[in-house]
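Accompanying notes for the structure given below.
The numbers here are math on the coordinates, done by the rules we state, and not lab data. Owing to the predicted nature of the structure, the values given are computational and were not obtained by experimental measurement. In this analysis, Cβ positions are derived from the backbone assuming ideal geometry, glycine residues included, and neighbour counts consider all displayed protein chains.
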């Protein structure tokens with residue numbers, strides 16, 4: 001009889017262990033939703049990419065105003081700045097340095113204008129920088145047409161001494177070659193400037209993508 005309490009105690013202990021072993025245990029699982037950090041950036045580019053007309057127009061205006069300022073500075077150094085030579089048979093041709101100065105002015109001016117377009121557009125900087133040159137040719141052609149059809153006062157590019165690529169006396173070989181060189185400098189500068197302006201936003205995108213994701217655990 002003396003061993004009965006001990007046996008009873010051991011049996012109760014075993015029963016408690018079995019009960020404890022059968023008792024359901026609550027577990028919590030943390031789940032986190034991880035997404036591609038570049039997916040949102042790609043979606044925004046798909047939605048808002050392409051040629052941004054307001055941005056490219058602002059780039060054109062920036063380039064034209066910069067052309068006027070730089071032409072004045074370079075003209076003070078080399079004596080004159082021109083964007084074409086051989087416009088008239090009896091006109092004195094521009095010096096080599098004057099022509100080089102004019103091409104350099106266009107390149108730098110549209111580099112700045114392309115940068116403005118690319119920075120404003122955020123996406124496709126090269127396209128928008130190139131578009132600054134397209135708008136320049138479009139407006140130069142329209143204004144030259146108005147000047148020939150209505151009155152020369154409407155040819156604003158002539159009045160402020162901007163490039164005259166659509167004049168009737170710009171059909172000589174020298175005028176065409178020099179005009180093509182100036183236009184090429186304009187487009188190259190605009191395209192590089194557009195890439196330069198877009199580069200700021202690509203740096204910002206990389207910073208956003210590299211930031212640790214902010215996720216909340218779910219029970």
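Worth a mention:
- Segment residue 45..residue 156, full-extension length gain: 36.3 nm, with 0.36 nm per residue of separation and the alpha-carbon distance subtracted.
- Expressed in Å, the radius of gyration and Dmax of the Cα atoms of the range 95-141 are 12.4, 40.
- Residues 192, 100, sorted so that the one with the fewest Cβ neighbours within 10 Å comes first: 100, 192
- Extension gain, residue 78-residue 200: 0.36 nm per intervening residue step, less the Cα-Cα distance, totals 40.4 nm.
- Least to most buried among 68, 143 (fewest other Cβ within 10 Å first): 68, 143
- Spin-label model distance (nm) - residue 173 vs residue 69, 7 Å beyond Cα toward Cβ: 4.0 nm
- Residue exposure proxy: 124, 205, ordered by other Cβ atoms within 10 angstrom of their Cβ from fewest to most, comes out as 205, 124.
- Cβ-derived FRET efficiency at R0 22 Å, residue 138 paired with residue 104, nearest 0.05: 0.40
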